[in-house]
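Let me begin by presenting the structure, written as structure tokens, before commenting on it.
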Amino acid sequence: FVSLELQRTFPDISVYGVIGNNDSYSRDYRSEPAGAFFRDAKVAWAPLIKDKSARSAMQKMFPYAGFYSVNLNHEKLKLIILNSVLFSYKANGNGVANAASTQLAWLHDELESAEQHHQRVLIAMHIPLGVDVYATLKLRLFTLIEFWKPGYAKTFKAYLGEYQGEIAGILSGHMHSDWFQILTLDHDNEIAMTGTPAISPIFGNNPGFKIYQYSLKSRQLSDYYTYYYHIDENRKWGLEYEFNRVY
């Protein structure tokens, strides 16, 4: 239903789906590499991609475990879609560990290819790097619980350090709130990491979304606008803030 609504609402705009922890036919955080859910999601999501070559790339890569990449802006920008659920400390399912390792090796190849072809890279994922504040406060006193298993996080950070000059930004969700972080790996390059708030209000948040601007000239994320729906007061969508104006 959601895929059909997106097609109806945005008939001329490509939409690139990202796998989240609830995207499963069995239970939360469970993945079945090369299973029925990924095959069916490919069928539902592929028509949302208008460019034939990008759609073909998604259809070829996605069914294994929900990760893929496409070229945008006449191949000057590469969008890498990760299934970061595979990296979660809660991840479960047959073949998940192999799929996570395969995805990391594939990511390295994609970043290396972008460097060789002088492309900029945007990385999109659902579960970000960082501390799971909810689990940390609820489950373990004086112990930080990270979203990702440490080995996967270490490898991912190493790849970011190796190819940070190619990475324009990292986009994520999962936390149901609006946030951003500047990841500084050396004195020359900074990577913008930003989270998009949830449309669902099930954790008490106002529904929200972001509209990003990407500059072809600077080859960077240049600004974003955060919109929200106030569920307790006026019950209308409105602009919460523009990043550049506030920060």
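Derivation of every value follows stated rules applied to the coordinates shown; laboratory data play no part. Predicted model, so just to flag it, every value in this text is computed and none were measured. For neighbour counting, all protein chains shown are included, and Cβ atoms are generated from backbone atoms with ideal geometry for every residue, glycine included.
Between residue 189 and residue 50, what is the FRET efficiency for a Förster distance of 35 Å, r being their Cβ-Cβ separation, to the nearest 0.05?
Working: r = 32 Å, r/R0 = 0.92.
Approximately 0.60, to the nearest 0.05.
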- If amide H atoms are built 1.01 Å from N in the plane of the peptide, which residues on other chains or at least 5 residues away come under 5 Å of the amide H of residue 198? 176, 177, 208
- Task: Would you mind getting me the FRET efficiency between residue 109 and residue 180? Use the beta-carbon distance for r and R0 = 41 Å, nearest 0.05.
- Result: 0.90
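Given the chain, what percent of its DSSP beta bridges are antiparallel, to the nearest 5?
Here the share of antiparallel DSSP bridges comes out near 65 percent.
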- Task: Subtracting the Cα-Cα distance from 0.36 nm times the residue separation, let me have the gained length for residue 133 to residue 116 in nm, one decimal.
- Result: 2.3 nm
- HN-Hα couplings for the stretch 110-125 via Karplus (6.51, -1.76, 1.60; θ = phi - 60°), in whole Hz with x for Gly/Pro, come out as 5, 5, 5, 5, 4, 5, 5, 9, 6, 9, 8, 10, 10, 10, 10, 7
- Task: Read phi for every residue in the stretch 93-100 and hand back ³J(HN,Hα) as whole Hz from Karplus 6.51 cos²θ - 1.76 cosθ + 1.60, θ = phi - 60°, with x for Gly and Pro.
- Result: x, 5, x, 5, 4, 5, 5, 5
- Message: Can you give me the long-range amide H partners of residue 180? Hydrogens built in the peptide plane at 1.01 Å from N, cutoff under 5 Å, separation of 5 or more residues or another chain.
- Response: 195
- Which entry in (i) 21.3, 73; (ii) 18.0, 52; (iii) 18.3, 62 matches Rg and Dmax of the Cα atoms in Å derived from the coordinates of this structure? (ii)
- Query: Rounded, prolate or oblate: which fits the stretch 118-228 when a ≥ b ≥ c are the square roots of the eigenvalues of the alpha-carbon gyration tensor, with rounded for a/c under 1.5 and prolate only if a/b beats b/c?
  - Reply: oblate
- Message: In the chain, once you exclude exposed GluC sites (Glu not before Pro) (DSSP loop, at most 16 other Cβ within 10 angstrom), what's the longest stretch remaining?
- Response: 76-232
- Message: Using amide H atoms built in the peptide plane, which far-off residues or other-chain residues are under 5 Å from residue 78 H to H?
- Response: 72, 120, 121, 122
- Once you mark the trypsin sites (Lys or Arg not before Pro) that are in a DSSP loop and have at most 10 other Cβ atoms within 10 Å, what is the longest gap between them in the chain? 28-139
- In whole Hz, what ³J(HN,Hα) sequence does the stretch 65-80 give by Karplus (6.51, -1.76, 1.60; θ = phi - 60°), x for Gly and Pro? 7, x, 10, 6, 9, 9, 9, 10, 6, 6, 6, 7, 10, 10, 9, 9
- Message: My understanding is that a pair violates if its Cα-Cα distance is over 24 Å; which of 50/149; 52/157; 50/76 do that in this structure?
- Response: 50/149; 52/157
- Task: Would you list, by chain and number, the aspartates and glutamates whose Cα falls below 20 Å from the Cα of residue 138, excluding same-chain residues fewer than 8 positions away?
- Result: 28, 146
- In percent, what relative contact order does the stretch 96-247 have, based on Cα pairs under 8 Å that are 6 or more apart in sequence? 15 percent
